[in-house]
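Below: the structure, in structure tokens.
The values are calculated or read from the model by the stated rules, or taken from the named source; none is laboratory data. A quick note: this is a predicted structure, and the numbers were derived from the prediction, not measured. So basically every Cβ, Gly included, is an ideal-geometry build from the backbone, and we count neighbours across all protein chains shown.
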């Protein structure tokens, strides 16, 4: 459990609630909430969970989180879950969040044990990643909080064009920031690296009824991670299997190794051009089908050869 989700649960437990309500508030599954509640119990918090029709979750007297010393902005920023310190800096809330966490942490439990927060560090930036360019999330957050539609100047397929969107909010994932929004009623994920400017409109945002930011973000990212409709068949040499799984992730499905030391697999792609992802493997990966994928890999390899002649 992240420290931020711990704080969010403790804040929610100031009054009687349910596991389902806690799951909705923290953006995780009910099973994860139950595991987090057991963690809080093991950590010494008097959390009481009651099963049955009249069941629920509550904190026994004397165990609730004291937020009286927190300012309204500090209480607000404790609800930001899943962000590390670098992401909070990019969002422009590092100082407020840090003050809130110091106040909540207090003087410690006094049991002689090292605080969990001193034993865990998170860094969501990609390896070797430079400082992100594009629009800063801190610059965009003010207009998002006003709840208005946005016109964003966005790069797609090498050209820039204006797009009018109804924003839900921001998503930090894989070291990058994305604007989660509806465009003409359909969910979209817009990379802040590809936005060079935007204009807030006077029209209030028009979101789909009952739909929340976490739900839209989960829908969009799960679609990314499952790849696309184009299935590229390939064979990859055994010594490159671990590297391929690391770089291609859930888009790659591998079968059992063959006697010749290669493993058959399928790479799910959105468009044919995605076969570029196999170029770093050189002759360690062989595309076996469909024919248009083989031809595209051959053309890309020829371009590289021509470049170095």
Region 60-74 - residue that is surrounded by 15 or more Cβ atoms within 10 Å (Cβ to Cβ) and in contact with a helix residue (DSSP H, G or I) (Cβ under 8 Å, 6 or more places away or on another chain) and, of those, modelled with the highest pLDDT
74
Residue 260 fails exactly one of (1) touching a residue at least 12 places away in the same chain (Cβ under 8 Å); (2) more than 24 Å from residue 157 (Cα to Cα), namely (1)
Residues of region 161-184 being over 16 Å from residue 213 (Cβ atoms) and at pLDDT below 90, in sequence order, are 174, 175, 176
Sort out which residues of region 281-309 are farther than 16 Å from residue 265 by Cβ and touching a helix residue (DSSP H, G or I) at 6+ places or on another chain (Cβ under 7 Å), and write them in order of number.
292, 296, 300
Enumerate the helices (runs of 4 or more DSSP H) found wholly within region 212-309, keeping only those where 3 or more residues are exposed (fewer than 13 other Cβ atoms within 10 Å of the Cβ).
291-307
With 162, 177 as the choices, which residue is loosely packed, with under 14 Cβ neighbours inside 10 Å and either touching a residue at least 24 places away in the same chain (Cβ under 8 Å) or touching a strand residue (DSSP E or B) at 6+ places or on another chain (Cβ under 7 Å) (or both)?
162
Out of 245, 302, 240, which single residue is under 29 Å from the mean Cα position of the chain (by Cα) and over 30 Å from residue 188 (Cβ atoms)?
240
